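Trainee: Starting off with a structure, shown below.
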Amino acid sequence: MPDTPTPQALLQRGEALLAEGALVEARDAFTQALAQRPRDGAALRGLGKAQLDLGDTAGATASFRQALAIVPYDLYAAHMLASLTGESNARANGYVPDLFDTYAESFDDHLTGALGYRIPQVIRAVLADHPPFAALIDIGCGTGLVGAALADRVTAMDGIDIAPRMTRKALERGIYRHLRTGDAAAILGSDQALCGPYDLAIAADVFVYLGALEPIFAAVASVLAPDGLFIFSVETAEGTGPALRSSGRFAHPDAYIDQLAAHFGFTIAARHPHPIRNERDNPIPGMLYRLKRN
């Protein structure tokens, strides 16, 4: 009889199958690993990913909950559990800042190289025929890739990012008037230096980490001048609301953006289909929206 694969071998098989999109086979590999080692946090994480992408939300919730009980410092599991259940979780709040702070030094090269990220250049092209802007608020500015792409088109640029090390890298560029670290929806309007009015607001590859966008739409509407532009990118999805993916990111359907725009006083001026980035060597379908403040 052939030897039974070890839990570690099954874990590796499961991750490889996930990367290939073989979700049922991946789920089975993680389940087999757990049969041998029931308290394996990595196997539970992997099982949760496969279950989520298979549409088994209840199963994924249970798997992430078990993973977090075994490894309480697992920020990814905390983030996934909070996103699936709406339960408040302080550890989940640390997921995105930690994710970006861990590779702030290599962020630009990794994002524009391995991940093929080109959204700042696409935004510049979209705005090519527009007159220069007086003031930009760069939401989720990161290291300042959007600011660098538009530095010659904007008189004054302000930025906000949730990750301290990313904000420090943006500061090194010397192109921002004001930079803040924290939650953008909370900072906009409450910080006297960032209360607007802005004639341009940009959130490039930011909403994929937020899920529900009502708070940030309300905040942008409060600081954007009449006729001001709001430009942002999302990963696309079917349905009517934000969809959590096993990557830990969210996708947002057209219907949801349409609803938000109407509710918060925006007109959708244009939609530009464009891949957001590459993942496992495959482009992730995305949409760049250009909204105008009514």
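The values are calculated or read from the model by the stated rules, or taken from the named source; none is laboratory data. Predicted, not measured: the structure shown is a model, and the values here were computed from it. Note that we place each Cβ from the backbone using ideal geometry, even for glycine, and neighbour counts take in every protein chain shown. To get the accessible areas, we keep the full protein, side chains included, count just its heavy atoms, and leave off ligands, DNA and RNA. Shrake-Rupley method; radii C 1.70, N 1.55, O 1.52, S 1.80 Å.
Trainee: Please determine, by comparing only the residues of the stretch 231-246 that are open to solvent by 40 Å² or more (accessible area, probe 1.4 Å) and charged (D, E, K, R), which one is farthest from the chain's Cα centre (by Cα).
Mentor: Glu238
Trainee: When you scan the stretch 48-65, how many residues do you find that are part of a helix (DSSP H, G or I) and in contact (Cβ under 8 Å) with a residue 24 or more places away in the chain?
Mentor: 9
Trainee: Turning to a different aspect of this structure: Is it the case that some residue within the stretch 198-213 is surrounded by fewer than 18 Cβ atoms within 10 Å (Cβ to Cβ) and either over 22 Å from Asp101 (Cα atoms) or among the hydroxyl-bearing types (Ser, Thr, Tyr) (or both)?
Mentor: Yes, the stretch 198-213 has at least one match.
Trainee: Mind checking which residues of the stretch 66-84 are part of a helix (DSSP H, G or I) and in contact with a helix residue (DSSP H, G or I) (Cβ under 6 Å, 6 or more places away or on another chain)?
Mentor: Gln66, Ala67, Leu68, Ile70, Leu75, Ala77, Ala78, His79, Met80, Leu81, Ala82, Leu84 - these are the residues of the stretch 66-84 that are part of a helix (DSSP H, G or I) and in contact with a helix residue (DSSP H, G or I) (Cβ under 6 Å, 6 or more places away or on another chain).
Trainee: Could you grab me the full set of residues in the stretch 67-85 that are free of Cβ contacts under 8 Å to residues at least 40 places away in the same chain and surrounded by fewer than 22 Cβ atoms within 10 Å (Cβ to Cβ)?
Mentor: Scanning the stretch 67-85 gives Ala69, Ile70, Val71, Pro72, Tyr73, Asp74, Leu75, Ala82, Thr85.
Trainee: Then there is this: Within the stretch 33-44, track down each residue that is closer than 16 Å to Gly59 by Cβ and either surrounded by 24 or more Cβ atoms within 10 Å (Cβ to Cβ) or among the acidic types (Asp, Glu) (or both).
Mentor: Scanning the stretch 33-44 gives Ala33, Ala43, Leu44.
Trainee: Can you name the condition, by its number, that Thr143 falls short on among (1) β-branched (Val, Ile, Thr); (2) crowded, with 24+ Cβ neighbours inside 10 Å; (3) in contact with a strand residue (DSSP E or B) (Cβ under 7 Å, 6 or more places away or on another chain)?
Mentor: Condition not satisfied by Thr143: (3).
Trainee: Next question, about the same structure. Going by the conditions given, is Ser222 under 30 Å from Ala58 (Cβ atoms) and either of a type in the set (Ser, Thr, Tyr) or open to solvent by less than 10 Å² (accessible area, probe 1.4 Å) (or both)?
Mentor: Here the answer is no, as Ser222 does not meet what is asked.
Trainee: Suppose we keep only residues that are without any contact (Cβ under 8 Å) to a residue 24 or more places away in the chain and either assigned to a loop (DSSP other than H, G, I, E, B) or closer than 22 Å to Arg168 by Cα (or both) within the stretch 121-132. Which one would you say is most open to solvent (accessible area, probe 1.4 Å)?
Mentor: Asp129
Trainee: Next up: Residues to consider are Ala163, Ala104, Ala149; find the one that is hydrophobic (A, V, I, L, M, F, W, C), farther than 26 Å from Cys195 by Cβ, surrounded by 15 or more Cβ atoms within 10 Å (Cβ to Cβ) and touching a helix residue (DSSP H, G or I) at 6+ places or on another chain (Cβ under 6 Å).
Mentor: None of the others qualify; the one that does is Ala104.
Trainee: Let me ask something else about it. Quick one: in the stretch 247-291, of everything that is of a type in the set (S, T, N, Q) and at pLDDT below 95, which residue is surrounded by the fewest Cβ atoms within 10 Å (Cβ to Cβ)?
Mentor: Asn282
Trainee: For the condition of a type outside the set (Gly, Ala, Ser) and under 18 Å from the mean Cα position of the chain (by Cα), what is the one hit in Leu81, Leu11, Leu23?
Mentor: Testing whether each residue is of a type outside the set (Gly, Ala, Ser) and under 18 Å from the mean Cα position of the chain (by Cα) leaves just Leu81.
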